[in-house]
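As structure tokens, the structure follows; a few thoughts come after it.
The values are calculated or read from the model by the stated rules, or taken from the named source; none is laboratory data. Since the structure is predicted, the reported quantities are computational estimates derived from the model, not experimental observations. Note that we place each Cβ from the backbone using ideal geometry, even for glycine, and neighbour counts take in every protein chain shown.
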Amino acid sequence: MDAVSGSSEVRLGTLTGRAVVAAAVLGSGMTMLDGTVVNVALHTIGEDLDASLAQLQWITNGYLLSLASLILLGGSLGDRYGRRRVFVIGTVWFALASLLCGLAPNPTVLIAARILQGAGAALLTPGSLAMIQGAFVREDRAKAIGAWVGLGGIASAVGPFLGGFLVEYADWRWIFLINLPLAAVTVVVAVRFVPETLDPNAPRRLDFTGALLATLFLGGLTYALIEWGGAAAPWAIGVALLAAVGYVVDERRSDHPMLPLGIFADRTFSAANAMTLLVYAALGAVLFFLVLQLQTVSGYGALQAGMATLPITVCMLLLASKGGELGSRIGPRIPMTVGPIVMAGGSLLLLGVDEDVSYWTDVLPGLTIFGLGLALMVAPLTATVLAAVPDEHAGIASGVNNAVARAGSLLAVAALPVAVGLTGEQYADPVAFDAAYGSAVVICAVLLALGGLLSWVTIRNPGV
């Protein structure tokens with residue numbers, strides 16, 4: 001099956017259809033797993049490598065930085081050279097970087113390895129969704145995306161549990177080394193079963209200047225937020241602003257832009273991505289602060305803290321695909337409005353997590369409600385973003401939405417500790433961290449509520 005004839009011919013119930021979803025889930029699942037699994041291990045990594053709070057933030061944000069900066073380039077590469085091909089290359093790259101993470105002797109090497117890991121994720125992540133969009137017949141795409149979201153969301157949600165188990169019973173380094181066998185299986189499935197698809201009209205040249213400017217913008221802004229108050233912070237902000245202006249100019253003038261700015265002319269596409277920024281900023285920050293709160297203040301071990309988040313896993317497993325089906329039936333506006341508002345309510349219920357925490361009354365209800373809102377929202381959001389652009393731009397659309405989601409988490413994890421007065425070694429001080437946690441959770445709830453309100457005002461159902 002060649003790249004052109006292989007487009008839009010696969011049915012979900014066939015062997016090939018199941019293989020496409022399986023490869024996409026395994027690949028993107030690894031990247032989502034590493035986006036969350038590290039949170040559980042941060043406390044132990046900090047003690048083992050003698051890391052500061054800023055270094056712990058960079059261990060999280062170094063990965064998100066390169067992923068968010070380069071994911072558009074990854075989408076363009078997939079559209080140009082073949083989504084399966086770039087997906088496989090990214091998976092191998094990700095595995096090698098994971099090996100380096102697992103062998104890191106100090107925080108500096110671990111941060112550098114995490115940046116490389118994020119670059120590999122930037123190659124495989126947009127390809128995972130673009131393979132589905134390009135391969136499946138139109139009537140099966142929503143269900144396939146729902147299955148991808150549900151199964152992939154499990155990887156993200158199970159990360160804290162798996163991380164806790166490995167940290168407590170093995171070594172924190174195994175949270176990275178476990179990616180090697182997963183990557184091997186992913187490559188085998190993709191190479192043997194997934195049809196190649198690409199955009200025959202993709203630009204012949206790639207916008208490496210745009211990728212560099214995007215990296216400078218996010219890197220400068222992230223550095224300024226983490227090192228707020230330092231002598232270099234104003235310079236970092238200046239670099240970020242100049243890079244942002246340069247990026248817009250480059251994309252407008254280039255005949256081969258990494259991000260064709262014209263796709264933002266679609267109101268639904270722009271609104272859905274703005275909502276993504278708000279919601280995923282809150283999602284990343286809630287998981288970052290909650291897992292540390294449970295360990296630093298509530299006295300949970302790494303495994304206990306990881307197991308505490310299981311309600312999100314269960315909700316995503318049982319209901320994410322149903323959220324996709326509901327969105328297909330009634331339209332995305334209500335799921336994309338109600339989902340974030342429900343998540344905001346769940347976040348506020350987590351304010352009871354303190355030194356005298358009761359899991360059954362202070363943790364379980366909040367995380368269950370949070371998970372219900374997430375399961376309701378994710379698949380309709382993803383389907384809405386992809387449906388707003390022509391099929392040939394599936395890689396770019398997927399890359400934009402993933403970049404926005406990662407950038408939201410990146411900026412929230414960088415900014416919120418500063419905003420709530422948490423600096424230096426205070427992540428290990430129960431009194432200081434407890435005070436910061438409450439403020440951070442309230443801010444996250446506000447962001448989620450704003451995301452729901454934005455959806456209600458801007459998102460329209462198809463045909464309306």
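A compact table of results
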item	result
Unique residue being of a type outside the set (V, I, T), in the same structural domain as Y63 (by TED's automatic domain parsing), under 22 Å from the mean Cα position of the chain (by Cα) and within 23 Å of Q293 (Cβ to Cβ) when the list is G451, G421, G438	G451
Residue identified as in the same structural domain as G134 (by TED's automatic domain parsing) and either farther than 16 Å from S76 by Cα or not aromatic (F, W, Y) (or both) among I237, I263, I226	I263
Selected residue (criterion: surrounded by the fewest Cβ atoms within 10 Å (Cβ to Cβ)) from residues of region 39-76 that are among the β-branched types (V, I, T) and more than 17 Å from L416 (Cβ to Cβ)	T44
Cβ pairs under 7 Å, 6+ apart, first in region 246-272 and surrounded by fewer than 16 Cβ atoms within 10 Å (Cβ to Cβ), second of a type in the set (G, A, S)	F264/S270; D266/A388
Residue match in region 326-343 (condition: crowded, with 23+ Cβ neighbours inside 10 Å, at pLDDT below 85, closer than 30 Å to R460 by Cα and hydrophobic (A, V, I, L, M, F, W, C))	no
T125 being hydroxyl-bearing (S, T, Y) and closer than 28 Å to M307 by Cα	yes
Helices (runs of 4 or more DSSP H) wholly inside region 333-422 that include at least 3 residues being in contact with a His (Cβ under 6 Å, 6 or more places away or on another chain)	none
Options I89, I115: the member that is farther than 13 Å from S28 by Cα, in the same structural domain as I396 (by TED's automatic domain parsing), of a type in the set (V, I, T) and within 19 Å of the chain's Cα centre (by Cα)	I115
Residue that is nearest to V389 (Cα to Cα), among those in region 283-306 that are in a helix (DSSP H, G or I) and in contact with a Pro (Cβ under 8 Å, 6 or more places away or on another chain)	L287
Whichever residue in region 92-120 is out of contact with any Phe, Trp or Tyr (no Cβ under 6 Å at 6 or more places or on another chain) and among the small types (G, A, S) and, among such residues, is farthest from N401 (Cα to Cα)	A104
Top-ranked residue of region 118-138 - restricted to ones that are surrounded by fewer than 24 Cβ atoms within 10 Å (Cβ to Cβ) and over 20 Å from L381 (Cβ atoms), ranked as farthest from the chain's Cα centre (by Cα)	V137
